[in-house]
Amino acid sequence: MPDDEAQPGDTCMLTGREVRALAHPLRLRMMESLREEPATASILARRLNESSGATSYHLRELARHGFIEEDRERGTARERWWRRRERILLVAPKVGVEPETDAAYARLQSIFLERDAAALERWVRIDASPRWQEATMIGNWSVHAAPEEIEELTEKVVALVDELRRTAREAPAEAKLVHVSFRALPQEA
């Protein structure tokens, strides 16, 4: 889906193979970087502190599964530029289809939880300014909700977060990279 057609609530039902292709920490970081702007394997390698061989390999895998595409307007005979096909990618699990797909979704969720834990660990260790300490939010609530209501909440949260997604050049001078996490998990009574 082209960028101008993507909507915050759009979800994508992926095959098990596609989820397995996406469920890799470096590939997710590359997808985030490509969300900001197209790049070559070398540019991504510098941004993500990886080898260009690794980024090149993972770019080809992401392209093979349709997550990214070559940006032929920027490319030359020596450089291949890549861009995301979709501006927003919400991966919606289709549970119980096949064990391999369920395992791939579990791996993807595990990566997200690891990233959340790492972000929390970094936050605890930084010496944030008083203004950033005031702006920081960690909270949780228990609500009684139906699945449809949680889907609607998710769409609203994603839309609000997407309003803040922009390149560092487009952000205000005082902006910092902020890890935003959202979960809505049913609990047993």
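The values are calculated or read from the model by the stated rules, or taken from the named source; none is laboratory data. Since this is a predicted model, take the numbers as computed values, not measurements. Because the Cβ atoms are built from the backbone with ideal geometry, glycine has one as well, and the counts that use them run over all protein chains shown. The protein model used for the area step is the full one, side chains on, heavy atoms only, and it has no ligands, DNA or RNA in it. Shrake-Rupley method; radii C 1.70, N 1.55, O 1.52, S 1.80 Å.
The table that follows gives values for the structure above.
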{"item": "Where A118 falls short, out of the listed (1) within 28 Å of R60 (Cβ to Cβ); (2) in contact (Cβ under 8 Å) with a residue 24 or more places away in the chain", "result": "(2)"}
{"item": "Cβ-Cβ under 7 Å pairs, at least 6 apart or on other chains, segment 154-183 side in contact (Cβ under 8 Å) with a residue 40 or more places away in the chain, far side of a type in the set (D, E) and part of a loop (DSSP other than H, G, I, E, B)", "result": "T167/E37"}
{"item": "Which listed residue, of E50, E79, is more than 26 Å from L153 (Cα to Cα), acidic (D, E) and at pLDDT 90 or above", "result": "E50"}
{"item": "Subset of segment 65-75 that is open to solvent by 40 Å² or more (accessible area, probe 1.4 Å) and not in a loop (DSSP other than H, G, I, E, B) - its residue that is nearest to P25 (Cα to Cα)", "result": "E69"}
{"item": "Odd one out for V97 among (1) assigned to a helix (DSSP H, G or I); (2) over 23 Å from R169 (Cβ atoms)", "result": "(1)"}
{"item": "Scan of segment 145-169 for residues that are at pLDDT below 90, of a type in the set (D, E) and either open to solvent by less than 100 Å² (accessible area, probe 1.4 Å) or outside any helix (DSSP H, G or I) (or both), ordered by number", "result": "E155, D162"}
{"item": "Pairs with Cβ under 9 Å, 6+ apart, first in segment 16-32 and over 12 Å from R115 (Cβ atoms) and open to solvent by 60 Å² or more (accessible area, probe 1.4 Å), second charged (D, E, K, R) and modelled with pLDDT under 90", "result": "R17/E100; R20/E100; R20/R107; H24/R107"}
{"item": "Some residue of segment 19-33 being under 26 Å from E151 (Cα atoms) and outside any helix (DSSP H, G or I)", "result": "yes"}
{"item": "Positions within segment 38-64 being part of a loop (DSSP other than H, G, I, E, B) and open to solvent by 30 Å² or more (accessible area, probe 1.4 Å), in sequence order", "result": "N49, E50, S51"}
